[in-house]
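Here's the structure we're looking at; comments come further down.
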Amino acid sequence: MLAAAIKRYPVVRLLIDLRVTVVCLALLFVLTFLGTMHQIDNGIYSAQKKYFESFFTLAAGFVPLPGAQLVLWVLVVNLAAATIYRFVYKVRRIGILIIHGGLFALFFGMFFTQYFAQESFLSLLEGEGGNVTTDYFDWEVAMWDPAGEARRVAAVDAGALAAGNAVSISRYGVELRPQRYFANAQAFSRAGGAPARWVNGSGIESLQEARVSPDPQENFPGVLLTVVHRSGSAEVLLYGADVAPASVPVEGGRLAVSLRRKHYVMPLVVRLDDFRAEFYPNSDTPSSFESDVTLSTPQFTRSARISMNHPLRHAGYTFYQASYAIDATGRETSTLAVVHNRSRVVPYVGTLVVGLGLAVHFIQTLVLRRRTRSASPPAGGAA
């Protein structure tokens, strides 16, 4: 009775309308097509941001469309409302109910991946190992004591400085006060013999704002900030493309400060044992390339091969063969894309549940039809 009363409201009737489902599926098809075409000239990241990770977008620059994020949220609400208020809970409908459960699992996995999955990369020379990956897009300001036996890094998100917020780093008793943040910048060195205005690792005197590229991997931010400590302060210039950290004088010594892409520590070490690349005849274009690696933790050691279409999965981490480099001396570097996604098995579970629901539904339909035919009187009558 309560469900029937609730369904009288226009909003509820709209939410459970199956036409909304059809429209959402059609919009997803259109957005997938537009995103695929956009990717050809603008790259996959731009396509993801424009069509798949947005709530609203402009197709062809002027046609307003809902983004995939909005469409998927509407689809989830529509599916949930239809399950609650439209679905008939009977044994013969159990297959459809299982299908709905599998779809909810797929949506959960998709949204969890969208908002919580961590994408980064790890570049290794042959024979080198590492457990620290680097983010593709996000930046941080890292600080450590260069005189310490072990590098104990304290890092803050550069987004806080970009917003103009002062950030305290209690481990080293300092406060970072931003003066200006550049989303993308060009750096200029000071003339020889000129006095240094800013503390910097490479003699950079000034930053000039540059056009922000739609591909964030091409942007190198910069920040002018004041590092305040117990006995004074220092004016510091940090630039994303500067590999040398700034050496900032503080009470009792110095601190190394660097603007860098975000770093993530993995609970395992990946060592590159061997890298191989095969090329098309008479060209420098690779036909395939792969890495032999060893994964190590205090409890186990595992050897594996990662190639272009065969990633390595372990403990929520997925390692993809992304790219490689060969320097002038012939040393080979392999770059692995690293995705940390705790819900990576959810789509597989959801797909299996949907498949199970379809099987149950088809079997129930077949059995029901046979029973109906058996119960039907034979055609014609006795002579």
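Across the chain, Cα pairs under 8 Å and at least six residues apart give a relative contact order of 17 percent. For Ser168, the residues whose amide H sits under 5 Å from its own are Leu176, ignoring neighbours fewer than 5 places away on the same chain, with H placed 1.01 Å from N. In summary, the aspartates and glutamates within cross-link reach of Lys50, defined as a Cα separation below 15 angstrom excluding same-chain residues under 8 places away, comprise Asp41, Asp215. Rounded to the nearest 10 square angstrom, Met308 shows an accessible area of 90 square angstrom against a 1.4 Å probe. Solvent-accessible area of the chain (1.4 angstrom probe, protein heavy atoms only): carbon and sulfur portion equals 59 percent. Stretching Val77 away from His263 to a fully extended chain increases their span by 63.3 nm, per 0.36 nm per residue minus the current alpha-carbon distance. Would you mind classifying the chain by shape? Square roots of the alpha carbon gyration tensor eigenvalues, ordered a ≥ b ≥ c; an a/c under 1.5 is rounded, otherwise it is prolate if a/b is larger than b/c and oblate if not. It comes out prolate by the Cα gyration axes.
The helix-based estimate of mean residue ellipticity at 222 nm for the chain, built from -39,500 (n - 2.57) per DSSP H run of four or more residues and divided by its residue count, is -9500 deg cm²/dmol to the nearest 500.
Note on the chain: with a GNM built from Cα contacts shorter than 10 Å, the maximum mean-square fluctuation among Arg230, Arg373, Arg261 falls on Arg373. For the Cα trace of segment 38-182, dividing Rg by the Kirkwood Rh returns an Rg/Rh value of 1.13.
A 1.4 Å probe over all protein chains sorts His229, His310 by accessible area into His310, His229, starting with the largest. Once the C-beta distance of Arg276 and Ala26 is scaled by a Förster radius of 41 Å, the resulting FRET efficiency is 0.35 to the nearest 0.05. If the segment from Ala117 to Arg152 were pulled out straight at 0.36 nm per residue, it would be longer than the present Cα-Cα gap by 10.0 nm. Using the Cβ-Cβ distance between Ile326 and Val63 with R0 = 56 Å, the FRET efficiency computed as 1/(1 + (r/R0)^6) comes to roughly 0.80.
Using R0 = 35 Å, the C-beta based FRET efficiency linking Phe55 and Thr372 works out to 0.15. Heavy atoms of the protein chains alone define the surface here; on that basis the chain has 59 Å² accessible area per residue at 1.4 Å probe size. So what's the gap between the Cα centers of segment 131-165 and segment 183-255, to the nearest angstrom? Segment 131-165 and segment 183-255 have Cα centres spaced 14 Å from each other.
The values are calculated or read from the model by the stated rules, or taken from the named source; none is laboratory data. Note that the structure is a prediction, hence the values are computed from the model and not measured. Glycine also receives a Cβ, built like all others from the backbone with ideal geometry; neighbour counts cover every protein chain displayed. Areas reflect the complete protein model, heavy atoms only, side chains present, ligands, DNA and RNA absent. Shrake-Rupley method; radii C 1.70, N 1.55, O 1.52, S 1.80 Å.
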